[in-house]
1. With respect to D14, is the statement that it is closer than 20 Å to N143 by Cβ, among the charged types (D, E, K, R) and assigned to a strand (DSSP E or B) true?
2. If you take the residues in segment 169-203 that are out of contact with any Phe, Trp or Tyr (no Cβ under 9 Å at 6 or more places or on another chain) and under 30 Å from V375 (Cβ atoms), which one is most open to solvent (accessible area, probe 1.4 Å)?
3. Does any residue in segment 196-220 that is touching a residue at least 40 places away in the same chain (Cβ under 8 Å) and on the phi > 0 side of the Ramachandran plot come within less than 9 Å, Cβ to Cβ, of a residue that is open to solvent by 50 Å² or more (accessible area, probe 1.4 Å) and assigned to a loop (DSSP other than H, G, I, E, B) six or more places away or on a different chain, and which pairs are these?
4. Would you pick out the residues in segment 344-363 that are open to solvent by 30 Å² or more (accessible area, probe 1.4 Å) and touching a helix residue (DSSP H, G or I) at 6+ places or on another chain (Cβ under 8 Å)?
5. May I ask you to list pairs of residues, at least six apart or on different chains, whose Cβ atoms are under 7 Å apart, with the first in segment 364-375 being within 17 Å of D165 (Cβ to Cβ) and modelled with pLDDT under 90 and the second being part of a helix (DSSP H, G or I) and not hydrophobic (A, V, I, L, M, F, W, C)?
6. Name every residue in segment 175-205 that is under 21 Å from the mean Cα position of the chain (by Cα) and under 18 Å from K334 (Cβ atoms), in order of residue number.
7. Identify the single condition in (1) closer than 20 Å to A140 by Cβ; (2) over 20 Å from the mean Cα position of the chain (by Cα) that K59 does not satisfy, given that it satisfies every other one.
8. Would you be able to tell me the number of residues in segment 320-334 that are part of a helix (DSSP H, G or I) and buried (at least 16 other Cβ atoms within 10 Å of the Cβ)?
Amino acid sequence: MEFTYCKLIDVLSDIHSGGTPSTEESSYWGGNIKWLSSGETSQRFISDTVNKITEEGVKNSSTKLAKKNNIVMACAGQGKTRGQTSYLLDDMYINQSVIALGTKTSVLPLYLFYDLSSRYEELRGGSDASSTRGSITTTALKNLPFKYPDLSIQQSIVDILFGYDSLIEANNCRIELLEQAAQELYKEWFVRFRFPGYENTKFENGLPEGWKCCRLGKIMSFGAGKTRPESGETYPVYGGNGILDYCNYYNNENAIVIGRVGAYCGTVYYEPDKCWISDNALFAESKNNAHFYNYYLLKNMNLNARQVGTGQPLITQGLLNKIKILLPPEPVVKKFNEISSELLKQQNALRKQNTNLAAQRDMLLPRLMSGKLEV
């Protein structure tokens, strides 16, 4: 395979970073304009953003537009964020920790995306060490060595790799639909009280007969995570904001994880396989043989609003134990547990399928980009 060798700037039509509207000005936020932060580059393909801004926020800040089919890269951060690369499926504005790149006609946008995503460690290694957070600068990216074959070869490479990513994205949509189904079922039965047999149930003061008030500690016990052990590529390490790392040991399986401290305080996760719970998280163990019901009960409690502490937000085991709940009769809990467990099993099967697809894609990626594997 023949390549053209150049600097990245030679194939770019545009490269820029953005900015953040003042968070102290409420009129800049809550609009309908998508605004991307660096943490969201954990997604390979981005169609929407967590935060939205207004036209006034755009006009009164240094945020800049990144267009559909642009590549975006997180340029700062001490964790895994710096160097993450994503592909935009829609127009959106970006913050100062994100760099957007557009390509000239000689290079397919998706080809550049796959090239940069395969160079994660290289990009992080070339970061500006003078910054406390580390940073990838636009100057460094402009001077990055780059090679590319002709457009027909690029298209063949993209077709192979995007085939894997398309299957992964389709599975992610199915996972989201399954989770939405479980959440909707929980609300139908336990918020709107339209549970099996509700038509023949007596209600008093708006509550169904036979449902009892109790403390959360009656059906669950809570434990604290521990400082993570040495790293290794075996079991996922769960913290308050999800998977932090991987280690060679585990202390839980079939775990309900609750963020204990900080920005993700009160966030609830479920991990069906073996994992390690870190010291910035708690875990729940079931006393009522209804683990999956308990998971959705916690998810729908808005635990974040129950945090204590004037400085660092905090949730304690004692606080969780004392929370008052309305407990349905055992047959209703058991039935929901059976249905939700099946929905979670289907989600887990799709996640495992995605893991295998990603591994196959990542095995092919460097061989295709280097020309070692002919297309």
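The values are calculated or read from the model by the stated rules, or taken from the named source; none is laboratory data. Just so we're clear, the structure is a prediction, and the values are computed from it rather than from any experiment. Every residue, glycine among them, receives a Cβ derived from its backbone with ideal geometry; neighbour counts consider all protein chains shown. Note: areas computed on protein heavy atoms with side chains; ligands, DNA, RNA excluded. Shrake-Rupley method; radii C 1.70, N 1.55, O 1.52, S 1.80 Å.
1. Yes, satisfied.
2. R174
3. Here the result reads G210/K202, each pair linking segment 196-220 to a residue that is open to solvent by 50 Å² or more (accessible area, probe 1.4 Å) and assigned to a loop (DSSP other than H, G, I, E, B).
4. Q346, R351, Q353, Q360
5. Listed by first residue and then by second, the contacts come to V375/S156.
6. A182
7. Unmet for K59, out of (1) closer than 20 Å to A140 by Cβ; (2) over 20 Å from the mean Cα position of the chain (by Cα): (1).
8. Looking only at that region, the number is 3.
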